[in-house]
Amino acid sequence: MNRFAPTLFLSAALLAGATTAQAALPAEATLYKNPQCGCCDGYARHLEEMGIAVTVIDDRDLGQIKEAAGLPYGLGSCHTVKMGEYVIEGHVPLAAVEKLFEERPAIDGIGLAGMPIGTPGMPGPQQAPYEVYQFTDRQEAGFMTL
């Protein structure tokens, strides 16, 4: 057996795994935001870099969007994304979005309250763990910590 065969096999397996994770994500998303919010545009660019076609809508009442999504009171952020059958609230890091679409739990969506530094669209180094929550019918629970 070639001494490089195990390395080649492992490399191929890692690439296949990366492709599988990307393949689980929807091809399109809609991002609702305030027209003046630049960090929301940064999050849209982040999704586009992941290969997702993003439609940005900045002329809708965000309160109505969040209420219709079932978002828990007080856990909002500056934008709301509809992606596949889920809602993603705020600057949720890619790892949490990938986990959502790999596991496909029976929830309304996930979110990250506020606008934490270091998340996609928010420049700077991470200053504290990101507590990503899941929600259904305005009730929240922990989803993952990054």
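Would you confirm whether any residue within the range 72-80 is more than 23 Å from P129 (Cα to Cα) and either exposed (fewer than 13 other Cβ atoms within 10 Å of the Cβ) or touching a Phe, Trp or Tyr at 6+ places or on another chain (Cβ under 9 Å) (or both)? No, because not a single residue in the range 72-80 is more than 23 Å from P129 (Cα to Cα) and either exposed (fewer than 13 other Cβ atoms within 10 Å of the Cβ) or touching a Phe, Trp or Tyr at 6+ places or on another chain (Cβ under 9 Å) (or both). Of everything listed in (1) in a loop (DSSP other than H, G, I, E, B); (2) farther than 20 Å from P26 by Cα, the single unmet condition for A106 is (2).
Looking at the range 10-29, can you tell me whether even one residue there is modelled with pLDDT of 75 or more, out of contact with any helix residue (DSSP H, G or I) (no Cβ under 9 Å at 6 or more places or on another chain) and loosely packed, with under 15 Cβ neighbours inside 10 Å? So that I can check it myself, show each step before the final result.
Within the range 10-29, the subset modelled with pLDDT of 75 or more is 24-29.
Adding the requirement that they be out of contact with any helix residue (DSSP H, G or I) (no Cβ under 9 Å at 6 or more places or on another chain) leaves 27-28.
Cutting the leftovers down to loosely packed, with under 15 Cβ neighbours inside 10 Å gives us 27-28.
Yes, the range 10-29 contains a residue that is modelled with pLDDT of 75 or more, out of contact with any helix residue (DSSP H, G or I) (no Cβ under 9 Å at 6 or more places or on another chain) and loosely packed, with under 15 Cβ neighbours inside 10 Å.
Here V87 meets the list (1) surrounded by fewer than 15 Cβ atoms within 10 Å (Cβ to Cβ); (2) in contact (Cβ under 8 Å) with a residue 12 or more places away in the chain; (3) of a type in the set (V, I, T) almost entirely, failing just condition (1). Number of residues in the range 46-63 that are in a helix (DSSP H, G or I) and surrounded by 12 or more Cβ atoms within 10 Å (Cβ to Cβ) equals 4.
With respect to the conditions (1) in a strand (DSSP E or B); (2) in contact with a Ser or Thr (Cβ under 9 Å, 6 or more places away or on another chain), K66 lacks only one, and its number is (1). In the range 52-69, the residues that are hydroxyl-bearing (S, T, Y) reach residues that are outside any helix (DSSP H, G or I) with C-beta atoms within less than 8 angstrom, at least six apart or across chains, in these pairs: T55/E28; T55/A29; T55/T30; T55/L31.
The values are calculated or read from the model by the stated rules, or taken from the named source; none is laboratory data. Not measured: the values here are computed from a predicted model. Virtual Cβ from ideal backbone geometry, glycine too; neighbours counted across all protein chains shown.
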